[in-house]
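To keep things clear, I will list the structure first and then write my remarks on it.
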Amino acid sequence: MPGFELFGDAERKEVNDVLDSGVLMRYGFDGLRKGHWKAKDLEQAIQKRFDINHAQLVSSGTAAVSMALAASGIGTGDEVIMPSFTFVASFEAIMMTGATPVIVDIDDTLTLDIAAVEAAITPNTKAVMPVHMCGSMANLDALKSICKQYNLVLIEDACQAIGGTYKGKVLGTIGDLGCFSFDFVKTVTCGEGGGVITNNETYAKHLDHFSDHGHDHSGADRGAEAHPFLGYNFRISELNAAVGLAQFRRLDDFLALQKKHYTILRTALEPLDGLTFRTVPDGGEESYAFLNFFLKDLNTARTVNQLFKDNGIDACFHYFDNNWHYIRKWEHLKNKSSLYPLSDHLKKGLNDLKDKDFSKSDHYIGRNISCLIKLSWTEEEAQKRAETMANCIKDAIG
Ligand SMILES: *Cc1c(COP(=O)(O)O)cnc(C)c1O
């Protein structure tokens, strides 16, 4: 992560194809487009690489999550269980459809705590949304069996873990629907963009129509197309898809680089006392987009984070003090600071949030440091960084 570091000729070529024809839209204009269908080609490439029947590109990862919810019929009055540690997009996307985010603890996987999910289920629960944070995954077998037992939709947010696998299957293909982001800082970037994947034919049709104003995409005259149900505009532009197409073709190279650089850092930190690594569920393989570890307490984590900064180690995060990824700092959500009226259902659902006990999550996030793995490092740079990080940690632990 992020793919933009290696932006080059392949991306330029795909974008130039689009600029040459001048058709910047993904649908229609067949006669003008000189055979270029970048969004369609990228969808097909995703389907093939991930062995999934349907991929729908959309305008962002946040849109992808909203679309997954809308496609599975989730809206006002419904509850969606999500983790306390994730990007703000998770609750934004849930609230977009009118549904209520029910935020629960995480465990040492840095993803949903299974017992917390079970305890949060009510008659209004419609979906569980694990977020595969920082390159690794939730315990998907356990979540699948809960979803089966309670008849819930399982939506995987794999925005930060593209290419990671669980029991031989690519993340995003295990639940009913899987979501990806192709924003500027993700492993594969379109500039802005996202994708939803599914093997469910009905959901696939919903995604296709809903993301384009409800258009049924049949026949050759866009103006004459039917609208079997209401939709919205979550389309990706052909220019963004062109960048993503070139990037996605390089996914295996990107993953190999992530693994190589991750392994250099991990090998240097592994022998240190007073440090443990995040738990990866049995049968899981990370995408290696981040290296995550725990120190013995909050203060040690804060000290290590400061020492990293002082010693030029960028791109490492102590999320406990960060306002984008952890419940502790989501004041705007806790205060329901909305520009427009929220439904009574949603307001009531958010009321508990201010006083809800997240001490279990604090126990993990307070001690966690999460280091982004860059693609552009040379082996020497990665080695040097690994050494500096190990020294900082030794200093902090004393
Ligand atoms: C990036 C991200 C998103 C949202 O993606 P955008 O494309 O930026 O809207 C959603 N969930 C997670 C976990 C992310 O990291």
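Observations on the model:
- Normalised contact order of the chain, rounded percent, pairs of Cα under 8 Å and 6 or more residues apart: 22
- With pairing defined as another cysteine C-beta under 4.7 Å, the cysteines of the chain that fail it are Cys134, Cys147, Cys159, Cys179, Cys190, Cys392.
- Averaging 1/r across all pairs of distinct Cα atoms in the chain and inverting the result yields a Kirkwood radius of 21.8 Å.
- Near Val131: Cβ cut-off under 11 Å, other residues only, Lys/Arg at +1 and Asp/Glu at -1. The net charge is -2.
- Dipole of the chain computed with +1 at Lys/Arg Cβ and -1 at Asp/Glu Cβ about the Cα centre; of Gly349, Ser211, Phe294, farthest Cα towards the positive end is Gly349.
- Checking the Cα-Cα distances for Lys309/Lys384; Lys296/Lys356; Lys186/Lys329 against a 19 Å cut-off, the pairs over it are Lys296/Lys356; Lys186/Lys329.
- The range 212-363: mean projected area of Cα convex hull, nm²: 16.0
- Exposure proxy for Val185, Val304, Val243: other Cβ atoms within 10 Å of each Cβ, ordered fewest to most, give Val185, Val304, Val243.
- Reach of Lys48 by Cα under 14 Å, taken over aspartates and glutamates that are not fewer than 8 positions away in the same chain: Asp252
- Normalised size of the range 8-112, defined as Cα radius of gyration per 2.2 N^0.38 Å with N residues, equals 1.42.
- Other-chain or far-sequence residues with amide H under 5 Å of Gly175's (modelled H): Glu156
- Interchain or long-range residues, amide H under 5 Å from Val58's placed H: Gly194, Gly195, Val196
- Scalar couplings 3J(HN,Hα) for the range 13-23, obtained by applying the Karplus form with A = 6.51, B = -1.76, C = 1.60 to θ = phi - 60°, are 4, 5, 5, 4, 3, 5, 5, 5, 7, x, 8 Hz; x denotes Gly and Pro.
- Remark on Asp212: its backbone amide H falls under 5 Å from those of Tyr232, Phe234, a criterion applied only to residues 5 or more positions apart or on other chains, H modelled at 1.01 Å from N.
- Looking at the range 139-170, the trypsin sites (Lys or Arg not before Pro) that sit in a DSSP loop and have at most 12 other Cβ atoms within 10 Å of their own Cβ are Lys167.
- Counting only DSSP beta bridges whose two residues both lie in the chain, roughly 60 percent are antiparallel.
- The string of couplings for the range 278-284 from the Karplus curve (6.51, -1.76, 1.60, θ = phi - 60°) is 4, 7, 9, x, 3, x, x Hz, one whole number per residue in order, with x for Gly and Pro.
- Phi angles of the range 234-249 translate, via the Karplus equation with coefficients 6.51, -1.76, 1.60 and θ = phi - 60°, into HN-Hα couplings of 10, 5, 8, 8, 5, 5, 5, 5, 4, 4, x, 4, 5, 5, 5, 5 Hz per residue; Gly and Pro are given as x.
- Rounded to the nearest 500, the 222 nm mean residue ellipticity of the chain from helices alone is -12000 deg cm²/dmol, with -39,500 (n - 2.57) taken per DSSP H run of at least 4 residues.
Each value in this text was obtained by applying a stated rule to the coordinates, not by laboratory testing. Predicted model, so just to flag it, every value in this text is computed and none were measured. Heads up, the Cβs are rebuilt from the backbone with ideal geometry, glycines too, and the neighbour counts pull from every protein chain shown.
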